[in-house]
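Asker: Following this message is one structure expressed as structure tokens.
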Amino acid sequence: ATCLSIVIIFSLITEIFGLSPTLGAFIGGVLFAESKHHDAISKSIAPVRGLLFSAFFLVVGFSVDLSILSSHPFSFFGTLLLLLLIKSGIIGVLSHKLGFSVLESLRCGLLNAQSGEFSLVILETSYRLGLMKLDVKRFLMTLVASSMAVTPFLDNVGFRI
């Protein structure tokens, strides 16, 4: 209960300052991760971890705007493909330079090609600060969620290679 209260307080504080409450929750979580009580906190939330992950993915799912897929299919899927190719290429090359084999580097690139969860926080904060329009935010939120959704497929491709 204390952990949840602190996360909620951080969320409220960031919202008061015009930032995303998700950013506040993230900051609260980072504080717990770096504390000496990390192991005790991990054990206490273990029974509800699945519920927390489900809630996160439910929120991500609500950010997806399927009308974008039908109204801008070429730009959407082209941008998604470009994101996955560029990110997997960079990570694959860096992995190979760090001593991984070509196949390991390829799989590493494919597994990390998606845009991360923190992108959702950055996009929401950017929108709240007036740095982007709503239609751009919807497009990018759908892009991030879609890139996360194709990760199991990319993992399967990497495993087969």
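Asker: Suppose every K and R has +1 on its Cβ and every D and E has -1 on its Cβ; what is the size of the dipole of the chain about the Cα centre, in Debye to the nearest 20?
Answerer: It comes to approximately 180 debye.
Asker: Next question. In square angstrom, what is the accessible area per residue of the range 20-161 with a 1.4 angstrom probe?
Answerer: 65
Asker: What is the extension gain from Ile45 to Ile13, computed as 0.36 nm multiplied by their sequence separation minus the C-alpha to C-alpha distance, in nm to one decimal?
Answerer: Extending this stretch completely gives an extra 9.2 nm.
Asker: Computing the accessible area with a 1.4 Å probe over protein heavy atoms, can you report the carbon and sulfur percentage for the chain?
Answerer: Solvent-exposed carbon and sulfur of the chain make up 72 percent of the total.
Asker: Please give the calculated 222 nm ellipticity per residue for the chain, where each DSSP H segment of at least 4 residues contributes -39500 (n - 2.57) and the sum is spread over every residue; nearest 500 deg cm²/dmol?
Answerer: So the helix-based figure for the chain works out to -25000 deg cm²/dmol.
Asker: Roughly how many debye, to the nearest 20, is the charge dipole of the range 42-132 about its Cα centre, given +1 on each Lys and Arg Cβ, -1 on each Asp and Glu Cβ, and no other charges?
Answerer: It works out to roughly 260 debye.
Asker: Contour minus end-to-end for Asp65 and Glu34, with contour as 0.36 nm per residue of separation and end-to-end as the Cα-Cα distance?
Answerer: Separation in residues times 0.36 nm, less the Cα-Cα distance, equals 7.6 nm.
The values are calculated or read from the model by the stated rules, or taken from the named source; none is laboratory data. These figures come from a predicted structure and were not determined experimentally. Cβ coordinates were reconstructed from backbone atoms using ideal geometry, including for glycine residues, and neighbour counts include every protein chain displayed. Please note that ligands, DNA and RNA were not included when accessible areas were found on the heavy atoms of the full protein model with its side chains. Shrake-Rupley method; radii C 1.70, N 1.55, O 1.52, S 1.80 Å.
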